[in-house]
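Written below as structure tokens is the structure these notes are about.
The values are calculated or read from the model by the stated rules, or taken from the named source; none is laboratory data. Worth saying up front: this structure is predicted, and the values here are computed from it rather than measured. Positions of Cβ are backbone-derived with ideal geometry, glycine not excepted, and every protein chain shown enters the neighbour counts. Just the protein is used for accessible areas: all its heavy atoms, side chains included, with ligands, DNA and RNA removed. Shrake-Rupley method; radii C 1.70, N 1.55, O 1.52, S 1.80 Å.
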Amino acid sequence: MANKRPKVDAVIVGLGWAGSLMANELTDAGLNVVAIERGAWRDTSTDFPTTIDTDELRYARRRELLQPLSVETMTFRNKPSQEALPLREMNTYQFGWGVGGAGSHWNGMTWRFLPTDFVTYSHTIEKYGKKRFVEGLQVQDWGVTYDELEHFYDKFERIAGTSGKAGNIGGNKIDGGNVFEGPRQRDYPLPPLARTQASLLFDKAAKSLGWHPFPVPAGNTSGAYTNTLGVKMAPCTYCGYCEFFGCGNWSKSSPQACVLPALMMRKNFSVIPNAEVLQVNLTADKKMATGVTFIDNEGQEWEQPADIVVLSAYQFDNVRLMLLSGIGKPYDHTTGEGVVGRNYAYQTISGASIWFKNETLNPFIGAGALAQAVDDFNGDNFDHSKEDFIGGGTLLIHSTGGRPIGLTGGVPPGTPQWGAEWKKAYQKAYQNYNSIYVMGNSYPHRDVFLDLDPTYKDRHGRPLLRVTFDWNENDKRIGKFMADRSMDMADALGVETKHRSEPTAEPYTPMTNLSSHTTGGACMGDDPRTSAVNKYLQSWDVPNTFVCGASAFANNGGYNPTGTVAALTLHAAQAIREQYLKSPGPLVKV
């Protein structure tokens with residue numbers, strides 16, 4: 001029998017960005033909140049001191065901040081007809097490990113999705129008709145609009161200390177910012193990061209093509225900043241150690257740097273690290289949650305009773321916990337019925353590797369989100385009347401840091417893999433190599449889904465999550481189109497050597513780290529037959545359970561998901577505070 005802890009108002013599963021933001025809001029409302037985190041406690045000063053934080057072997061290669069495979073893996077297959085096998089190496093799937101979650105090791109790109117991303121189905125029908133959808137796509141609107149989320153995007157940017165330049169304030173387009181973005185109420189709290197030589201070259205080339213370049217909004221502080229929770233952040237030093245690293249300089253937006261210093265001061269909040277939630281406990285009729293069961297680091301089983309349960313773990317973990325707990329009807333691929341596991345989406349990646357002839361790029365000067373981008377071909381920012389797909393992607397050039405191990409692969413095609421010729425090529429390429437990188441839209445398909453594996457189990461005897469994914473025809477057409485645009489950019493840059501990247505031309509493999517941005521599986525919407533949660537991330541079936549994270553996305557945009565995860569979480573938190581606490585029950589009637 002499980003040990004039983006005192007009942008709390010709310011229990012939060014996973015203390016990354018979504019969990020910490022939700023905890024901050026609920027404790028501010030006076031609720032007693034406990035967060036349960038599978039990994040250890042992580043703190044800026046003790047876990048990420050600048051004396052060790054720039055250890056590329058430890059963090060970028062051995063990936064110390066990512067969840068070990070010994071804790072949990074998943075099974076993968078491309079098609080429903082195949083047998084899924086357990087993954088033994090994490091490349092695409094980069095689970096956070098410890099307090100702060102993936103918010104500790106991310107790069108910091110802090111995007112807002114386009115207004116059309118939230119209404120892709122209705123927008124496409126109205127503008128192009130149903131025939132524009134590739135067969136098998138399961139496109140649907142989110143049940144919430146950009147206008148409803150704008151305030152919460154703004155709120156997160158001020159918590160995170162985002163650096164950037166607005167391109168649309170109140171409908172007025174501003175040159176130098178992203179003129180395709182949805183209207184915002186005001187500019188970013190900090191100006192853009194300083195530009196590198198790569199950014200300047202990209203900017204000039206993009207303008208020569210008639211495109212609209214702008215600095216990527218960055219969760220890397222361009223100056224000293226005190227956020228809306230009173231937490232002080234320091235200016236970025238452009239060390240180039242962001243992705244897979246913590247930040248010991250208090251310069252990268254993360255739960256540790258932005259939320260936890262204020263949250264941990266509150267007496268009505270506590271966190272249980274090194275504890276894994278096994279399931280959400282439900283009443284006999286499965287209509288309400290009573291709390292969660294978890295196992296601690298010593299193998300002891302505990303019950304944490306609560307009036308509200310918030311799932312805010314990694315996208316896959318949210319879906320798996322719902323399936324293991326019996327929350328919502330599992331998706332059945334053969335019938336198309338069910339919602340949990342449905343509408344899984346990835347990100348459509350393409351681009352081009354480029355090598356300049358005489359440019360000195362000084363790649364060691366960088367930051368996680370220091371990049372220059374164009375949005376001319378993202379979403380429906382361009383006319384698709386003559387195209388045979390929907391969506392597109394954001395095209396950009398990075399200056400994330402010239403870490404020496406990571407850049408060893410940046411030599412031109414045909415270079416020997418070792419020896420004197422490789423060394424000579426690498427010495428040159430270190431200063432003149434970069435890439436055009438495209439993050440593309442991804443729309444769910446009926447043959448792409450998540451479910452519980454019938455064969456393989458975890459260390460506690462529970463089924464592993466099974467991922468069924470391959471590029472669909474719409475992905476392939478986006479990939480080809482955006483790879484063509486990347487080669488156009490390479491030509492405009494006047495590079496000496498270019499190499500096209502079109503991964504969608506081959507079957508997908510999770511062993512190649514194209515992108516870590518996985519979404520869906522517990523998607524939101526306005527119809528319980530096609531969505532697992534409503535516009536407030538509230539389970540249709542268990543109304544005192546809220547599911548926060550990229551698992552709620554009805555489709556993926558041509559951006560990193562973090563800004564939208566945060567906005568949706570803050571939107572849900574306000575609904576809990578202002579509506580649910582006054583009258584517990586479903587917040588959306590159907």
Could you list all residues from region 224-262 that are buried (at least 22 other Cβ atoms within 10 Å of the Cβ) and among the aliphatic types (A, V, I, L, M)?
233, 257, 259, 260
Filter region 518-530 for residues that are in a loop (DSSP other than H, G, I, E, B) and in contact with a Leu (Cβ under 9 Å, 6 or more places away or on another chain); the one that is surrounded by the fewest Cβ atoms within 10 Å (Cβ to Cβ) is 520
Pick from region 188-202 the residues that are within 26 Å of the chain's Cα centre (by Cα) and either outside any loop (DSSP other than H, G, I, E, B) or among the hydrophobic types (A, V, I, L, M, F, W, C) (or both): which of them is nearest to residue 395 (Cα to Cα)?
202
Sort out which residues of region 206-256 are in a helix (DSSP H, G or I) and either touching a helix residue (DSSP H, G or I) at 6+ places or on another chain (Cβ under 6 Å) or charged (D, E, K, R) (or both), and write them in order of number.
207, 208, 255, 256
Filter result (open to solvent by 10 Å² or more (accessible area, probe 1.4 Å) and more than 23 Å from residue 344 (Cα to Cα)) within region 531-579
574, 577, 578, 579
Out of contact with any Lys or Arg (no Cβ under 7 Å at 6 or more places or on another chain) and at positive phi: does that describe residue 328?
yes
Residues of region 149-168 satisfying the condition of being open to solvent by 50 Å² or more (accessible area, probe 1.4 Å) and touching a strand residue (DSSP E or B) at 6+ places or on another chain (Cβ under 8 Å)
165
Being farther than 28 Å from residue 442 by Cα, modelled with pLDDT under 95, small (Gly, Ala, Ser) and not in a strand (DSSP E or B): is that true of residue 299 here?
yes
Does any residue in region 467-484 that is touching a residue at least 40 places away in the same chain (Cβ under 8 Å) come within less than 9 Å, Cβ to Cβ, of a residue that is open to solvent by 10 Å² or more (accessible area, probe 1.4 Å) and in a helix (DSSP H, G or I) six or more places away or on a different chain, and which pairs are these?
471/503; 471/505; 479/503; 479/505; 480/505; 483/505
Please tell me if residue 430 is of a type outside the set (Asp, Glu), in contact with a helix residue (DSSP H, G or I) (Cβ under 8 Å, 6 or more places away or on another chain) and not in a loop (DSSP other than H, G, I, E, B).
yes
